[in-house]
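For reference, the structure discussed in these notes is given below.
The values are calculated or read from the model by the stated rules, or taken from the named source; none is laboratory data. Computed from a predicted model, the values in this text were never measured in an experiment. When we count neighbours, we look across all protein chains shown, and the Cβ atoms used for this are built from the backbone with ideal geometry, even at glycine. Quick note on the areas: whole protein, heavy atoms, side chains included, nothing else; ligands and nucleic acids left out. Shrake-Rupley method; radii C 1.70, N 1.55, O 1.52, S 1.80 Å.
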There are 4 protein chains.
Amino acid sequence: MLDAAVAVFSAVGFHNASMDEIAARAGISKPMVYAYLGSKEELFIACLHREGTRLMEAIVSAVVPPLAGPVPAEPESALPPDEQLWRGLRAFFTFVGDHRDGWSVLYRQARGQEPFTAEVAAMRARMVDVVSGLLARVIAAGGRQPRPADVVAMAYALVGAGESLADWVVDHVEEAAEVTATRLMNFVWLGAGELLHGATWRPSSPG
Amino acid sequence: MLDAAVAVFSAVGFHNASMDEIAARAGISKPMVYAYLGSKEELFIACLHREGTRLMEAIVSAVVPPLAGPVPAEPESALPPDEQLWRGLRAFFTFVGDHRDGWSVLYRQARGQEPFTAEVAAMRARMVDVVSGLLARVIAAGGRQPRPADVVAMAYALVGAGESLADWVVDHVEEAAEVTATRLMNFVWLGAGELLHGATWRPSSPG
Amino acid sequence: MLDAAVAVFSAVGFHNASMDEIAARAGISKPMVYAYLGSKEELFIACLHREGTRLMEAIVSAVVPPLAGPVPAEPESALPPDEQLWRGLRAFFTFVGDHRDGWSVLYRQARGQEPFTAEVAAMRARMVDVVSGLLARVIAAGGRQPRPADVVAMAYALVGAGESLADWVVDHVEEAAEVTATRLMNFVWLGAGELLHGATWRPSSPG
Amino acid sequence: MLDAAVAVFSAVGFHNASMDEIAARAGISKPMVYAYLGSKEELFIACLHREGTRLMEAIVSAVVPPLAGPVPAEPESALPPDEQLWRGLRAFFTFVGDHRDGWSVLYRQARGQEPFTAEVAAMRARMVDVVSGLLARVIAAGGRQPRPADVVAMAYALVGAGESLADWVVDHVEEAAEVTATRLMNFVWLGAGELLHGATWRPSSPG
DNA sequence: TATGAATGAGAGTTCATTCAT
DNA sequence: TATGAATGAACTCTCATTCAT
């Protein structure tokens, strides 16, 4: 049933989607939709949740792959931090490429639309948390102790850059997720690499 | 009148906004809104245009400031490319901070909502063009010849990072535009600085 | 439900009729009207169709009455052509008298009102066809071979005369359908009677 | 100004015509239209009046042509009654053919549309009066004394037949007014001719 | 439990009509 | 006097939501 809702919402948007069409697409009757999911808003939020959770799971399981054997003491130390970051990005671009009618469209819809902004912000915050953790480890691996606010800001920038590149790929270029992930790594990582050596750019004039 | 429309659209979104409310907020009657701006869609697009144009003007005039004296031979060479980029970012964050109920919300709305996606995409493309030009000059100043596609990808990433940081600032932190711009410069420029020395990050394992 | 629509349309006309009023008159809610009959235009056309069909059925079944016994070899030869014509006229006036709020008013409305003129023209053409057939048989019974165009013109004139007398009866006089039908027969039949003897009136001067 | 109104009303109908368009077509401003003619309804009625009057004048002046010399004692006796009738019909068909965008369309519109039905009925009654007078003279010339009601009924039938043939000519056939007038005379006159000899058709069975 | 049928509430849009100039 | 500018009032149509079965 959520599949039907996601398909319809993605195709025509929240407001243009009618519950009739969603029910028809799901092969059930409208009162059933209400019985199971409540209102139209709740239905949309449920879609958002499910797709967002799937994205998060895809990223996290890419960064920390499920292990077949016994759980090791330090599972995440198996990969160097930059490698983890790249895998996370690759998983992100892969997911978006595979679900462009699902997640990315839904996400773009809900982004600026009350009463969903809070929901989207919360999901985005979870994403930023994950990225912050990765970045913090990366920088910590370089022996530096950045202020948390700086790390969060970097995470926001990185997430935004990823979303923007995802749109670029979806709308214009058909490019393998690996290539796009490497692109972003090249752009961001080398900056982070410099940063962790303590370099800082600053404006040369008061403007 | 556009002010009222921007205020209402920003507050409740395109679909939830009623022409009655917009007219009331503008202090005129509904038929006047239709007489001046046409349909609801045209009204929204007019808002989009005005805010987008203002943003572009703010950025461009920050990068290439109007000169009081006689026009110099090479006006744009007056500032080094990195300085120009920083000024553009500062102007962007300043504008978004000053127009948070206007531009950023409107933009987030229209981003994923037909029939406005094309309009937004066009404005975003103009922005990416400007940023691409700046980045190309930056890299050219380092003596390298990047492929255009790579520059465009970097521009997309940078624009996305900027949008995301703008949201972060708008929603969570109250931080001076200078600080945010420097933040992003630190993150991006050092990466670009490395890149222009030919460094490249690549994944260490096939994953 | 069509009854309510016919009543309202007849009373105030297509454009002055509001769907609210029709729904209220029908004792149902407006969305039901839309669910069953579609748009206002479709609703009006449905009224037109129903009333027109009823009229045609009334006339045809009067001219060729349903037979109780076994179907005879030449059922339509059972009555002489003039008798058939008179019965058709009587059925017409009877119907109009019984449905004055339905058919005649509706018909007068739709006659000159786009986009219904085509619909009315089609129904009128069917009526003219029937009358043409009767007239042709009448004249053929007299042994003459009129040109088809002349027969059609006569049919148009007869139909128009019938409509006009119907209005007269409806608006001014309360007269039995038999009387009105005989009136029109007297006027028309004797003319046709002369014509079938080859007589022709022609202007005596060029004017 | 009435010309503009007639043109617009004829083209799109009363309800679809906007006062804006009429004012624009007339080359004046809307408040002027209201100043001169009052409301939209009054404007339409004025159109109806003018065109109706013109038609009546055309018919009457055809039946009783303006005389150059001194007024004779019995001007209408100059022409035999049947000739007068034919001239009236010819004038009618000529007028309708020449003003098909004016009178006939306006007339068809107003026929069934409140609040114009009364107006149309009045004009039609005047027409019927004229025709009744002609018919009465025709029959009186034959030495018979028909009941007035019978004459009026005949007039109604004749007027209706004329309208119907007018529509037929306007919509389908392009035929000279003389031909159509003769057609109708052939059909009607011979009937009247028989009638004035006292012949009467009557149904042979009670039905 | 599952649904066909029904609706209340509200949206965008238009236009005849009128002031203030 | 003539008009540009303004509006009140409706109308068609839609849809999320709920009963009665």
Got a sec to turn the phi values of segment B:87-93 into Karplus ³J(HN,Hα) couplings, 6.51 cos²θ - 1.76 cosθ + 1.60 with θ = phi - 60°, whole Hz, x for Gly and Pro? 5, x, 5, 4, 4, 4, 5
How many Å² of accessible area per residue for segment C:1-59, probe 1.4 Å? 46
Using the Karplus curve 6.51 cos²θ - 1.76 cosθ + 1.60 with θ = phi - 60°, what ³J(HN,Hα) values do you get for each residue of segment A:11-28, in whole Hz, with x for Gly and Pro? 6, 10, x, 4, 6, 7, 7, 10, 4, 4, 5, 4, 4, 4, 4, 7, x, 10
Shielded residues, segment A:90-110 - accessible-area loss of 50 Å² or more between chain alone and all protein chains, probe 1.4 Å: A:Arg108
List, shortest first and in nm to one decimal, how far the label point of B:Ile28 (7 Å from Cα along Cα→Cβ) is from its counterparts in the other copies. 2.9, 4.3, 4.9
State, in square angstrom and to the nearest 100, the accessible area buried between chains D and C, both chains counted, probe radius 1.4 Å. 4400
Residue by residue, what Karplus-based ³J(HN,Hα) values in Hz, rounded to whole numbers, does segment B:45-58 have, using 6.51, -1.76 and 1.60 with θ = phi - 60° and x for Gly and Pro? 5, 4, 4, 4, 4, 4, 5, x, 5, 4, 4, 4, 5, 4
Quick one: if the Förster radius is 56 Å, what FRET efficiency do B:Ser39 and C:Glu57 give, using the C-beta to C-beta distance and rounding to 0.05? 0.75
Give the chain A residue with the shortest beta-carbon distance to the rotation axis relating chain A to chain D, plus that distance as a whole number of Å. A:Asn16, 15
For segment B:85-146, which whole-number percentage of the solvent-accessible area (1.4 Å probe, protein heavy atoms only) is attributable to carbon and sulfur atoms? 53
List, shortest first and in nm to one decimal, how far the label point of C:Ala121 (7 Å from Cα along Cα→Cβ) is from its counterparts in the other copies. 3.0, 4.5, 6.3
Run down the lysines and flag those whose C-alpha is under 20 Å from the C-alpha of A:Lys30, throwing out any fewer than 8 positions away in its chain. A:Lys40
Every other copy gets compared here: list the nm distances from the B:Val173 label point (7 Å along Cα to Cβ) to its counterparts, shortest first, one decimal. 2.9, 9.0, 9.7
Please list, by residue number, everything in segment A:80-94 whose backbone N is under 15 Å from a paramagnetic label point 7 Å out along Cα→Cβ of A:Ala141. A:80-90
For segment B:134-173, which residues drop by 40 square angstrom or more in accessible area between the chain on its own and all protein chains together (1.4 Å probe)? B:Ala153, B:Tyr156, B:Ala157, B:Ser164, B:Trp168
Calculate the FRET efficiency for B:Glu174 and B:His15 from the Cβ-Cβ distance with a Förster distance of 30 Å, rounded to the nearest 0.05. 0.50
